[in-house]
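Structure first, then comments.
The values are calculated or read from the model by the stated rules, or taken from the named source; none is laboratory data. What you are looking at is a predicted structure, and each value in this text was computed from that prediction instead of being measured. Every residue, glycine as well, gets a Cβ built from its backbone with ideal geometry; the counts of neighbours run over all protein chains shown. Surface areas here come from the heavy atoms of the whole protein model, side chains and all, with no ligands, DNA or RNA. Shrake-Rupley method; radii C 1.70, N 1.55, O 1.52, S 1.80 Å.
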Amino acid sequence: MSTFDENSTVPRDEGLALICEAGYGVASHEELFKNLTTAVNAVLCGDGTFLQLLSADYGTLKRFGPIPEATEWSDEMPAGIGRLRWLFEAKEPIIMDYTRPHIKDRIPKFALEHGYLSAISIPIVADGSTFGICSTRYKRAITWECDDISYLKICGRVLGSLVSSAMTENKHISLALLEERKRLSSEIHDNVSHLVGSLSLCSASILASYEEGDMDFVERGLEKMEALCGKTIRVFRDEMLSLRVPLDRTDEWTESIIPILSNFESEWGIKTTLEQDIANEPLSLNVITSMHLSRILRECLSNVVRHTQASRVVVSLHEDDSNLLMTVTDDGCGFDVDAVSPARFGIKIMHERADAIGGKLTIVSSEDGTVVRVYVPRIGKW
């Protein structure tokens, strides 16, 4: 029997389950790595465990997780040092005896000074590729049998699955954020560029009138410019406030949009009403759905200010077993939906946002006003 089996207090199946449980329900990569190193250390009866993951260029390994009593250990190391190249290619664990090291092993002096006598490094494998190692150190000599090595390789694959899923999710979030930045850039450009353009034309006409000596026109032009400047400042303020809508809460979404509607009414003097027909209050939305619905609502309100000359806006929310329906209705002059220029980003991005959450957006407009409806299907949870 190996000394690993002699010292083990966790049955092997339970050990794998313990590692799996450590990878679920964590809020950050730091917490994930901490939980995994703690679990592996317990399962392998170690005296210190840490993870090392390959850098983007595959040149170095970055360490995650502390090594007790050995703070001198470098946070990064070359990926090809010692027997690591063989580990990555063969996908086999490396067993190290610090008192009689392999010719290629480089044992830090402080490790022996702190009483470490042996170690095991396990390849972290996912989808057939090795992208890191999990190392456990011991203050005693450990022997490993063939079935122990097989178990260690299974542990490495479990770790690979958990870490790979976390890293993939992080990439998806990063891509989603990048896409969101593009949308926001287009929306802000669409909402503000026409105001800036109007200011430019206004200033040019004032200058021309001044050169012609038409001071009455200059006075009227300056009054118009003052009004445009005030409107531009308010639009900018609305945009900045909309970016501050909290996205970390998924409960009581309606509570988060009330300040948006209140600020809109006070800024623009347009009566704004919120109507709700919610089956299960408070309305709970996931972060992505919350973000996209909030931005669709903001774009609708922005369009009311710029295009409709409306005196009233009604935002209604209706929820049933199949859908969530958000409707934004105004009593303005309306517009020809089919005649909207492709250069205008607003309506296009509203459709994209609805598609991103599996929903559908429709716009009906006439001389009596405009109605925007967003349907979001209920799939388990919003």
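Of everything in the stretch 196-246 that's among the hydrophobic types (A, V, I, L, M, F, W, C) and either open to solvent by less than 40 Å² (accessible area, probe 1.4 Å) or outside any helix (DSSP H, G or I) (or both), which residue is modelled with the lowest pLDDT?
Taking the candidates together, the pick is Val245.
Output the qualifying pairs, or none if there are none: Cβ atoms under 9 angstrom, residues six or more apart or on different chains, first residue in the stretch 261-272 and on the phi > 0 side of the Ramachandran plot, second residue not in a helix (DSSP H, G or I).
Pairs found: Gly269/Ser311.
Take the stretch 89-104 and flag every residue that is assigned to a strand (DSSP E or B) and open to solvent by less than 20 Å² (accessible area, probe 1.4 Å).
The answer is Ile94, and nothing else.
Tyr375 versus (1) crowded, with 19+ Cβ neighbours inside 10 Å; (2) aromatic (Phe, Trp, Tyr); (3) modelled with pLDDT of 85 or more: which is the lone unmet condition?
(1)
Name, by its number, the condition in (1) touching a His at 6+ places or on another chain (Cβ under 9 Å); (2) closer than 19 Å to Glu275 by Cα; (3) modelled with pLDDT under 90; (4) of a type in the set (A, V, I, L, M, F, W, C) that does not hold for Ala356.
(2)
Could you count how many residues in the stretch 331-363 are open to solvent by 20 Å² or more (accessible area, probe 1.4 Å) and either part of a loop (DSSP other than H, G, I, E, B) or of a type in the set (S, T, N, Q) (or both)?
Here the count works out to 12.
Looking at this structure, is Phe335 free of Cβ contacts under 8 Å to residues at least 60 places away in the same chain and aromatic (Phe, Trp, Tyr)?
So Phe335 fits the description; yes.
Each row is one residue, and each column tells you yes or no for (1) assigned to a helix (DSSP H, G or I); (2) touching a residue at least 24 places away in the same chain (Cβ under 8 Å); (3) under 33 Å from the mean Cα position of the chain (by Cα); (4) surrounded by 19 or more Cβ atoms within 10 Å (Cβ to Cβ).
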site: Gly82; (1), (2), (3), (4): no, yes, no, yes
site: Arg106; (1), (2), (3), (4): no, yes, no, no
site: Gly115; (1), (2), (3), (4): no, yes, no, no
site: Ile120; (1), (2), (3), (4): no, yes, no, yes
site: Ile124; (1), (2), (3), (4): no, yes, yes, yes
site: Cys134; (1), (2), (3), (4): no, yes, yes, yes
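For the stretch 319-330: of the residues being at pLDDT 90 or above and open to solvent by 30 Å² or more (accessible area, probe 1.4 Å), which is nearest to Arg306 (Cα to Cα)?
The residue in question is Thr329.
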